[in-house]
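Note sheet for the following structure.
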Amino acid sequence: MYNEKIMDHFPNPRNAGEMLHPSGVGEVGNMKCGDIMKIFIKVEDDRITAINFLTFGCGAAIASSSMLTELVKGKSLDEAMAITNKDVDEHLGGLPDAKLHCSNLAADALHKAIADYREKNLTA
Ligand code: FES
C-alpha cells in the first residue's frame, strides 16, 4: 500500500518532537479524521533554520510531517510559503488515494506557523 519512501519516513520520522522557544507555531486538525498536526519553526534572518513537528495521526500524516520538515529547513519564509500539500505528497512519491487527505495537514500547518511568526514580529 505504501511506497519505500513513505515506509522510510513513517518509522524513522525526521525532526519529530516539540521545539522549545519556537519563533512560530501552527496547528491544524483534519476535518475528516480528527487528527492533529503541530509545526514549530525557528526563524533567523527571514530563513527557517529549524523545524519540528508533533503529529497525533496516522502513519501517512507522520510521513507527510517528516517530509515537510526536510523540504523546508533552510528555506526563506517566502519559499516556504510557496510549498503546497501537493508538493509534500509528490516528494513522498504519492500517497494512496484513500490517504491523500492525510497529507493535507502539513503545508497548512507550516503556513500557519509562518503567519504566527509574522504576526509576532510585526514592525509598526
Ligand atoms: Fe487522519 Fe491520516 S487518517 S491524518
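Each value in this text was obtained by applying a stated rule to the coordinates, not by laboratory testing. Small disclaimer: the values here were computed from a predicted structure and weren't measured. Here the Cβ is made from the backbone with ideal geometry for all residues, glycine too, and neighbour counts use every protein chain on show.
The rule of thumb for compact globular proteins, 2.2 N^0.38 Å, goes into the C-alpha radius of gyration of the chain 0.99 times.
The residues packed around Ala113, meaning those with a beta-carbon under 15 Å from its beta-carbon, carry a net charge of -1 if Lys and Arg are +1 and Asp and Glu are -1. Angle of helix 59-72 to the longest C-alpha principal axis of the chain, folded into 0 to 90 degrees and rounded to 10: 40°.
Charged neighbours of Gly94, selected by a Cβ distance under 15 Å, balance to -3 (K, R count +1; D, E count -1).
For the chain, lysine pairs with C-alpha atoms less than 20 angstrom apart, excluding pairs fewer than eight positions apart on the same chain, total 24. Relative protection proxy for 72-79, 58-65, 97-104, from highest mean packing down: 58-65, 97-104, 72-79 (other beta-carbon atoms within 10 angstrom). Taken over the range 32-81, the convex hull of the Cα atoms encloses 70 Å³ per residue.
I want the local charge near Phe53. Using Cβ-Cβ distances under 10 Å, sum +1 for each Lys or Arg and -1 for each Asp or Glu among the other residues. Before the final figure, lay out the partial values.
Working: positive: Arg14, Lys38; negative: Glu18.
Spelling it out: positives minus negatives among the neighbours equals +1.
For the pair Lys32 and Asn3, the difference between a 0.36 nm per residue extended length and the Cα-Cα distance amounts to 8.1 nm.
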